[in-house]
Amino acid sequence: MFRAGRVRTIGGAALALVSSALVTMLVSQPALAASSASSATRTIGWTDLAPTLIRPNTDYTRLATATRVPGTADGKALKLTLPANPEAGPMGGVGFETTKAYRYGTFGTRMKTADCTGQNAPGVVSAAFTYSRDHSDTNGNGVTDNNEIDFEILCSQPDVVWMTIWTDYSETSNNLRSISRVVNVRTGQVLYNCYIVSYGTGCQTPQAGENVPAKTQPIPGFDASKQFRTYKFDWQPDRITFYTFDNQNRKVVLWDYRGPAERIPHTPSLFMQNVWHSANWDPFGGRSAHNRPTVANTAFIDSTFLPQ
């Protein structure tokens, strides 16, 4: 995500809700991919850095391919290394974005997230998401657009996956439109499912299709920082399905969102992955873990999945 951090506490958990004011980027607006609505998926295996497909998107990013990485399909993986003592916020992190924007399709990653074992409660986030730079008001609801679909994992809680669908955010008024779901993938428990329209107003009553499934299939031993895992979402005009795969490579749906179409992004978007320091986003359940990391933290990306 590319926003300055905000925190809201709900049920003992700090949910990071952040402004959509985009800081200056290193690169120009990309062209829309010609086949953006295609159901076909392209897999980037990181045998090289695929410069025609991706590019760095922060000043701190140094893209490199690691070799002889255990658990990868071919021994190679893209490294995203967050240096020690980083600036807080996504733009102080490391990440890449696609050179093309896509509208609908299947997106995802096979990655091992940043590992904070032995560190002093650091706030480190590994993420894969779509993001649109068009911050007009295309839906005419009076709130600035913020089209984004997120997979995010905190290194201090690697058995929990955060998923958020954004359509709007106004930094001046704090009005927004977003719905989030938090799942303990190891147990299958849905910890949180909430649609909000303004900071401090609480969750709206879920509409039909917004809180499905009520429980997910447990994946014993799930730890995003110790294992390469695949995270994908299918983005369609009337539905977004988030899923991963269990220890036998069977599909496990984490969220099958079929709520109102106006709560689903419809703007061409980049696909991005990043690792960054959050100074105010704590694990679900109330314990504090947002210290500045004092050592480098690396996520390894085995594959990235994009529409054709």
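Of note:
- J(HN,Hα) series, the range 251-258, from Karplus relation 6.51 cos²θ - 1.76 cosθ + 1.60, nearest Hz, glycine and proline x: 5, 10, 7, 8, 7, 10, 7, 10
- Share of carbon and sulfur in the accessible heavy-atom surface of the chain [1.4 Å probe, %]: 49
- Counted charge near Cys116, where neighbours are those whose Cβ lies closer than 15 Å (Asp, Glu -1; Lys, Arg +1): -1
- Heavy atoms of Lys100: accessible area, 1.4 Å probe, square angstrom to 10: 90
- Pair Arg258, Asp137: separation of 7 Å Cα→Cβ label points (nm): 3.3
- Accessible surface for the chain, divided over its residues, is 38 Å² per residue with a 1.4 Å probe.
- Summing +1 for each Lys or Arg and -1 for each Asp or Glu among the other residues whose beta-carbon sits under 14 angstrom from that of Gly259 gives +1.
- Among (i) 17.7, 51; (ii) 19.2, 66; (iii) 22.5, 77, the entry that matches Rg and Dmax of the Cα atoms in Å as calculated here: (i)
- Overall form of the range 133-278 per C-alpha gyration tensor (a/c, 1.5; a/b vs b/c): prolate
- Dipole check for the range 135-192: with +1 at the C-beta of Lys and Arg, -1 at the C-beta of Asp and Glu, and the Cα centre as origin, the magnitude is about 300 Debye.
- Cβ charges +1 (Lys, Arg) and -1 (Asp, Glu), total dipole of the range 101-161, debye: 240
- In the range 91-196, the inverse of the mean reciprocal separation of distinct Cα atoms equals 15.7 Å; this is its Kirkwood hydrodynamic radius.
- Electrostatic bookkeeping for Arg239 treats Lys and Arg as +1 and Asp and Glu as -1; over the other residues with beta carbon under 13 Å from its beta carbon, the sum is -2.
- Toward the positive end of the charge dipole of the chain, with +1 on the Cβ of Lys and Arg and -1 on the Cβ of Asp and Glu, the farthest Cα among Asn174, Val69, Val125 is that of Val69.
- Dipole magnitude for the chain: about 620 debye, using +1 per Lys or Arg Cβ and -1 per Asp or Glu Cβ, origin at the Cα centre.
- Taking 0.36 nm per residue of separation and subtracting the current Cα-Cα distance, fully stretching the chain between Lys251 and Arg42 would add 73.4 nm.
The values are calculated or read from the model by the stated rules, or taken from the named source; none is laboratory data. These figures come from a predicted structure and were not determined experimentally. When we count neighbours, we look across all protein chains shown, and the Cβ atoms used for this are built from the backbone with ideal geometry, even at glycine. Surface accessibility is based on the protein's heavy atoms, side chains included, excluding ligands, DNA and RNA. Shrake-Rupley method; radii C 1.70, N 1.55, O 1.52, S 1.80 Å.
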